[in-house]
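Below is one structure, written out as structure tokens; the observations come after it.
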Amino acid sequence: MEVNMTYATQDIWTWWLAIYLYFGGLGAATLAVTFLTDMYLKPSRDLVIWGAGAGVVLLALGSLMLFGHLLDKVAVLTILNPMAMFNQSTAWIAWGTQFIIWMMVWGVLYALPYVRETEFPKKVPVIKDLIDRPFVIGISKLVNRFHRQVGWLAVVNGVGVAVYTGLLLQSFPAVALWHNPAVPLLFTVSAFSTAMAFLLLLMYTLLHEQADESIRVLYERIDLVLIAGELVVLFSLYMYLKNGSESAVRSLELLWNDYGWMVGFIGFGLIVPFFLELKGVMKGWSTRVPIITASVLVLAGGYMLRHYFMYAGVYAYPW
């Protein structure tokens, strides 16, 4: 019997959720990478402070974007309750909210001793008054005593946030583009790639510590591998959609026939920065312009991935 199919592109989760997923993954991965670098490679103090501060701000902005668009504002109180994770184990927004909250807590705590040792906060009266309070001084000393443990708590939560951004979409079975095993891996790899690009951008523009040169080179090499991995996952996703359900095929047609996805994301967001960074890894840089350009393109590509993923989500149902 012939079955007629109806196709509809979802219009509920759009650009606002793309921003939430982007800032959440980028902020969490930035914190995780920064703290791992500090624990094992001992970079400049400025890199830790800037990385921690930027990561916390990005997480906060992403969360505000999500909460601002929740239809039921009272539901925010529900997902802020840690027990929500255990009452319904597949409530991924509740899991993600807890990961984000604790990521910000551990992130602030880890950076606190460094902030107290720098001169700039002491020049701002409000900040100086805060960090000089006995309670804050006591917390700072306690964190210093268990610094690596706090760092690992932050890293675990950071990885949790990055993976969660993909699991949130994968939990939506009506849209084949999202409901497949490649999505959590793709979003996690993308989160850490954009984090590398963000930190490289910081180090090549605002921070110019010569002592961090070896770390910059390491970040470039890691990002090169991450971009290559992202391209492999995208190829696997293409094959999955090509041989998948009607919903999957329709999403594939939307994405791989869209110049924004093909030229904007895959071309300028992945392939161009891959070759720019490959040149730098093989021959070094005579000027900072190529690596700054590559970093900006990777960051833009990270958002485009999530943006097009939202708009290419297709329902397919018989009628």
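With the structure loaded, tell me whether SER251 is part of a helix (DSSP H, G or I), within 28 Å of PHE35 (Cβ to Cβ) and either of a type in the set (Ser, Thr, Tyr) or at pLDDT below 95 (or both) or whether it fails that test. In short, no. Among the candidates ILE291, ILE222, ILE215, the residue that is surrounded by 14 or more Cβ atoms within 10 Å (Cβ to Cβ), hydrophobic (A, V, I, L, M, F, W, C) and modelled with pLDDT of 95 or more is uniquely ILE222. Does ASP46 satisfy the criteria of being of a type in the set (Asp, Glu), part of a helix (DSSP H, G or I) and at pLDDT 70 or above? Yes, satisfied. When GLY267, GLY229 are screened for being buried (at least 16 other Cβ atoms within 10 Å of the Cβ) and closer than 30 Å to PHE172 by Cα, only GLY229 passes.
Please verify whether SER286 is more than 23 Å from PRO43 (Cβ to Cβ), modelled with pLDDT under 90 and either of a type outside the set (D, E, K, R) or part of a helix (DSSP H, G or I) (or both), treating the condition exactly as stated. So SER286 fits the description; yes. Restricting the first member to segment 211-224 and to residues that are touching a residue at least 40 places away in the same chain (Cβ under 8 Å), and the second to residues that are acidic (Asp, Glu), the beta-carbon pairs closer than 8 Å and six or more apart or on different chains are GLU220/GLU277; ASP223/GLU277; LEU224/GLU277.
Among the residues of segment 241-264, those identified as of a type in the set (Gly, Ala, Ser), within 18 Å of ALA8 (Cβ to Cβ) and surrounded by 15 or more Cβ atoms within 10 Å (Cβ to Cβ) are GLY244, SER247, ALA248, SER251. Do we have THR37 as assigned to a helix (DSSP H, G or I), touching a Pro at 6+ places or on another chain (Cβ under 6 Å) and crowded, with 16+ Cβ neighbours inside 10 Å here? Yes, satisfied. Put simply, of TYR110, TYR164 the only residue that is within 17 Å of MET39 (Cα to Cα), within 28 Å of the chain's Cα centre (by Cα), of a type in the set (Ser, Thr, Tyr) and crowded, with 19+ Cβ neighbours inside 10 Å is TYR110.
Of the set (1) crowded, with 23+ Cβ neighbours inside 10 Å; (2) assigned to a helix (DSSP H, G or I), all apply to LEU177 but (2).
The values are calculated or read from the model by the stated rules, or taken from the named source; none is laboratory data. Because the structure is predicted, anything quoted here is derived from the model rather than measured. We place every Cβ from the backbone using ideal geometry, glycine too, and count neighbours over all the protein chains shown.
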